[in-house]
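Here the structure is laid out as structure tokens; the discussion comes afterwards.
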């Protein structure tokens, strides 16, 4: 986010923390507790920050063009780059599917949701496009914007994805139609959760208490106190929620309350992290990391297997480590190598393809990069 011509550094640091947890989640080498914990807040964090950073546009045309520039164009550009990479490396990866089916899944919406077939994290971009566009359109009406947002939040809270699937079951029968229904239900689930966290982020941006007590730099003692408080709350909510709120209406809100506690925790931690260049660099390029970390992880696994088979190199990324420490060591090595490979990749894409990742406009409107 940019304020008075300058980027707000704590937001870039929080983005760096968030994208690191997403990479940790997808590496698959860390102890299960790491991925379980990451799943409670990693995506809510980015939804929240997107809502926090959103700016109001003047017209529907401007909203759509701006969001196309920063989300949909990067989605297709980066998606087809990864598609090319997947085609080249397909023989080296065991998907247990035919090459034709692999290509079909990729081309059809770039395989935005099929685990193992495609670019899983990229579903976030069209989902963010839908949420951001819907939210900004709601803000166009000064008199009714609060009512419109409240109605949308109410709908997303009450209508479950299973209900959407039930309504669409009558159209099933054709494999293509069934695939489209599956995608509609999946996207509704993503947009539903995303819109709620997006709205929370935008509301707290305007909240004086949040700005004064959470985001404003304070003494180290106060920052540590906030971290300890949110850590305890986050731990209790994750591991003891069902015992505390058993059979109460609050069970419906578990995902949102737990996610928000994790968001507050890592925002507080980010305020203590020095604004080093490497943190800011990664934090300002989370879009590229989001899209490319899975192929990079896959590439490292292929290289690892090649080294083992051809020069009897030690196995760096053993999936079934026996101890907690060895799992963490293996996961950290994969994380560090992944982020190191990202550095030249980010520099190359930003230098030669800025208009395809939202850094420059293809549709002649100003940009407001949220990722």
Legend entry - Spatial separation of Cα centroids for the range 299-347 and the range 131-168, in angstrom: 43
Legend entry - Cα gyration tensor category, rounded, prolate or oblate, for the range 303-357 with a/c compared to 1.5: oblate
Inset, instruction - Can you put 296, 303, 131 in order of Cβ neighbours within 10 angstrom, beginning with the fewest? - result: 303, 296, 131
Legend entry - For peptides 35-42, 47-54, sequence by mean Cβ density within 10 Å, most packed first: 47-54, 35-42
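Values in this text are rule-based calculations from the coordinates and carry no lab data. Bear in mind that the values here come from a model prediction, so they are computed numbers and not experimental data. Because the Cβ atoms are built from the backbone with ideal geometry, glycine has one as well, and the counts that use them run over all protein chains shown.
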